[in-house]
Amino acid sequence: MTDSTRLAAGDTAPDFTLTDQAGGTVSLSSYRGQKVVLYFYPAAMTPGCTTQACDFRDSLGSLGAAGYQVLGVSKDTQDKLAQFAQNELLTFPLLSDEDLTVHRAYGAWGEKNLYGKIVTGVLRSTFVIDDAGVLTLALYNVKATGHVASLRKKLGL
């Protein structure tokens with residue numbers, strides 16, 4: 001049993017305000033009028049999460065040209081996110097959700113199978129939000145490797 005509800009295309013994206021890697025605040029509502037790719041990842045500076053973040057970094061040009069802003073969310077501290085961004089030259093906002101409020105609002109926290117054991121943790125998830133704040137894609141349990149390429153294909157990029 002997960003302790004968060006999964007969202008689906010057509011749902012209104014839950015609004016939030018979180019701290020980014022530079023210590024500033026970022027609110028989803030400030031992106032109204034733009035399209036957003038919001039992704040949740042388990043932990044900065046781990047192999048899979050680094051691969052995924054670098055894939056997003058390397059795709060910012062094509063995503064940006066199509067009108068998408070990328071936002072990454074994890075339960076990491078702002079300091080750890082700052083180090084991650086610096087180490088990997090990440091130029092998009094990395095948001096700290098230490099109390100998991102936003103993870104739960106998006107259904108990105110719950111039970112998962114990790115190497116054959118059921119554990120509770122971050123469900124690697126990606127959401128595409130249109131310019132009116134409505135989900136057009138809600139993807140759960142995505143793989144770190146190859147995910148951005150798959151997402152770009154779904155978006156027709």
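Here, each number is a calculation from the coordinates, and none is a lab measurement. Keep in mind that what you see is a predicted model, and the values were worked out from it rather than measured. Cβ sites come from the backbone with ideal geometry, for glycine too, and all protein chains shown count toward neighbours.
Count of the range 49-75 residues, restricted to those that are β-branched (Val, Ile, Thr) and closer than 13 Å to ALA85 by Cβ, is 2. In the range 104-137, how many residues are without any contact (Cβ under 8 Å) to a residue 24 or more places away in the chain and among the aromatic types (Phe, Trp, Tyr)? So the count comes out to 1. For ASP55, indicate whether it is under 22 Å from ALA149 (Cβ atoms) and acidic (Asp, Glu). Answer is yes for this residue.
Going by what's in this entry, would THR25 be described as without any contact (Cβ under 8 Å) to a residue 12 or more places away in the chain and polar (S, T, N, Q)? Yes.
Matching residues to (1) of a type in the set (Lys, Arg); (2) assigned to a strand (DSSP E or B):
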position	(1), (2)
PHE92	no, no
GLU111	no, yes
ILE118	no, yes
ASP131	no, no
ALA149	no, no
ARG152	yes, no
GLY156	no, no
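Just one of (1) small (Gly, Ala, Ser); (2) in a helix (DSSP H, G or I); (3) over 21 Å from GLY24 (Cβ atoms) fails for ALA144. It is (2).
Going by the conditions given, is VAL36 in contact with a Leu (Cβ under 7 Å, 6 or more places away or on another chain), within 24 Å of ASN141 (Cβ to Cβ), of a type in the set (Val, Ile, Thr) and in contact (Cβ under 8 Å) with a residue 40 or more places away in the chain? The answer is yes for VAL36. For GLY67, state whether it is within 22 Å of ALA8 (Cα to Cα) and within 16 Å of the chain's Cα centre (by Cα). For GLY67, the condition - within 22 Å of ALA8 (Cα to Cα) and within 16 Å of the chain's Cα centre (by Cα) - is not met. Within the range 129-157, the set of residues being surrounded by fewer than 16 Cβ atoms within 10 Å (Cβ to Cβ) and either out of contact with any strand residue (DSSP E or B) (no Cβ under 8 Å at 6 or more places or on another chain) or of a type in the set (Lys, Arg) (or both) comprises ALA132, LYS143, THR145, GLY146, ALA149, SER150, LYS153, LYS154, GLY156, LEU157. Here LEU60 passes the criteria (1) out of contact with any Ser or Thr (no Cβ under 8 Å at 6 or more places or on another chain); (2) of a type outside the set (Val, Ile, Thr); (3) over 17 Å from LYS143 (Cβ atoms) except the one numbered (1).
Quick grid of which residues meet (1) in contact with an Asp or Glu (Cβ under 6 Å, 6 or more places away or on another chain); (2) among the small types (Gly, Ala, Ser); (3) under 19 Å from THR46 (Cβ atoms); (4) in a helix (DSSP H, G or I):
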| site | (1), (2), (3), (4) |
| --- | --- |
| GLY72 | no, yes, yes, no |
| LYS80 | no, no, yes, yes |
| GLU98 | no, no, yes, no |
| VAL102 | no, no, no, yes |
| GLY107 | no, yes, no, no |
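Checking the structure you have, find out if any residue of the range 67-79 is of a type outside the set (S, T, N, Q), surrounded by fewer than 18 Cβ atoms within 10 Å (Cβ to Cβ), in contact with a Lys or Arg (Cβ under 8 Å, 6 or more places away or on another chain) and under 19 Å from GLY133 (Cα atoms). Yes, some residue in the range 67-79 is of a type outside the set (S, T, N, Q), surrounded by fewer than 18 Cβ atoms within 10 Å (Cβ to Cβ), in contact with a Lys or Arg (Cβ under 8 Å, 6 or more places away or on another chain) and under 19 Å from GLY133 (Cα atoms).
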